[in-house]
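The values are calculated or read from the model by the stated rules, or taken from the named source; none is laboratory data. Everything numeric here is computed off the predicted structure, so don't read it as measured data. In this analysis, Cβ positions are derived from the backbone assuming ideal geometry, glycine residues included, and neighbour counts consider all displayed protein chains.
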Amino acid sequence: MSSQNNDIELSVIVPIYNEEQNIDYLFERLVSALDNLNLKYEIVCVNDGSRDNSLKYLIENHHRNPNIKVVDMSRNFGKEIALSAGLDYAIGSAIVPIDADLQDPPELIAELVAKWREGYDVVYATRRLRQGESWLKRFTANAFYQTIICMSPVPIPKNTGDFRLLDRCVVDALKQLPERNRFMKGLFAWVGFNQTSIIYDRPQRYKGVTKWNYWKLWNFAIDGITSFSLLPLKVWSYIGIILSLISFLYASFLLLRTLILGIDVPGYASLMVAILFLGGVQLISLGIIGEYLGRVYDEVKGRPLYFVKEFYGDQPKSQQNPEIK
Ligand code: UDP
Ligand code: MG
């Protein structure tokens, strides 16, 4: 365990996008769970461009309890980037990202901290059940984890969200990763360190609706796969070799048959199938190259990850990470 030049031991990061119905109940439970721990803590809330009254409630809570700090982003950047902003502003020796909808029970932080005190640098919370989720959500989540586990060179834990405890050394490592495409689940695993897990039952969202739909999940999955594996890019040379081999064999067969049995004109159907099939394969491979190329383009533009409108808190600016902001 390492510590910084401040006495805050635990920072809890809460990304918030349109969560006005959850905020007061969240702080009620979070603050009482943290008070029980008897350590110095801060709660860094990142308002990710909410369009409702979330910011107003957050500022009210900040005035009531100065341990609650608010980073107000200039617009909605998405949860992954909100989390990165939270990591930049948090100053504790251990950091726990948590969802605002109480799907990550705050009472579990005690267990995470206990493991941290045993000497682990990363303690992730793996969900046992996926309560109240449709079979389609469970099936797609399972397919996603299977795919990413097969493809990624680092083991990404299954059924594990962003709810986990990270030691300061892990956060400092994460802050050195310069990429704009921040697939946090993967990055947390990629940095390594001493990891362990606890199991929990993930409850349903307290109020409000999830911000994810299947299209967003699909794009999230593509982001994850492309940022952690080159397999989709490399596989096309092998598919090409196999297809060329098959067409060579078929061509030899056609040649021999024509030599032995004479010219045989019919073959429109097989010709069409072969052309359409190959056209499809080529478009898929081009599309996949495009996915990677687009991401390379995003990275080389080197735009800042996010902009902050206002920070409601007391830490000196020098402690924040200047280069990413
Ligand atoms: N969130 C965010 N920015 C977004 C979408 C979501 O900061 O663009 C926050 C949201 O407020 C919540 C957390 O990310 O605290 C998880 O969101 P949600 O509950 O919608 O995701 P799910 O639990 O369904 O995966
Ligand atoms: Mg949720």
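Odds and ends about this structure:
- Residues being in a helix (DSSP H, G or I) and either out of contact with any Phe, Trp or Tyr (no Cβ under 7 Å at 6 or more places or on another chain) or among the polar types (S, T, N, Q) (or both) - total across region 199-227: 11
- The set of residues in region 164-198 being outside any helix (DSSP H, G or I) and either touching a Cys at 6+ places or on another chain (Cβ under 9 Å) or among the aliphatic types (A, V, I, L, M) (or both) consists of Leu165, Leu166, Leu177, Val191, Phe193, Ile198.
- Looking only at residues of region 101-143 that are touching a Phe, Trp or Tyr at 6+ places or on another chain (Cβ under 6 Å) and assigned to a loop (DSSP other than H, G, I, E, B), we find that the one that is nearest to Ile16 (Cα to Cα) is Asp101.
- The set of residues in region 101-120 being within 16 Å of ligand 2 (Cβ to nearest atom) and over 20 Å from the mean Cα position of the chain (by Cα) consists of Pro106, Leu108.
- Residues in region 177-228 that are under 19 Å from Tyr306 (Cα atoms) and among the acidic types (Asp, Glu) were compared, and the one that is surrounded by the fewest Cβ atoms within 10 Å (Cβ to Cβ) is Glu179.
- Taking every residue in region 197-215 that is closer than 17 Å to Pro105 by Cα and touching a residue at least 12 places away in the same chain (Cβ under 8 Å) and pairing it with any residue that is acidic (Asp, Glu) and not in a loop (DSSP other than H, G, I, E, B), at least 6 positions away or on another chain, the pairs with Cβ-Cβ distances below 8 Å are Ile198/Glu111.
- Of the criteria (1) within 16 Å of ligand 2 (Cβ to nearest atom); (2) at pLDDT below 90, which one Asp35 fails: (1)
- Failed condition for Asn65, given (1) away from ligand 1 (no atom under 16 Å from the Cβ); (2) touching a residue at least 60 places away in the same chain (Cβ under 8 Å): (2)
- The residues of region 171-190 that are touching a residue at least 60 places away in the same chain (Cβ under 8 Å) and of a type outside the set (D, E, K, R), listed by number, are Val171, Leu174, Asn181, Phe183, Met184, Phe188.
- Qualifying residue in region 89-100 (condition: modelled with pLDDT of 90 or more and in a helix (DSSP H, G or I)): yes
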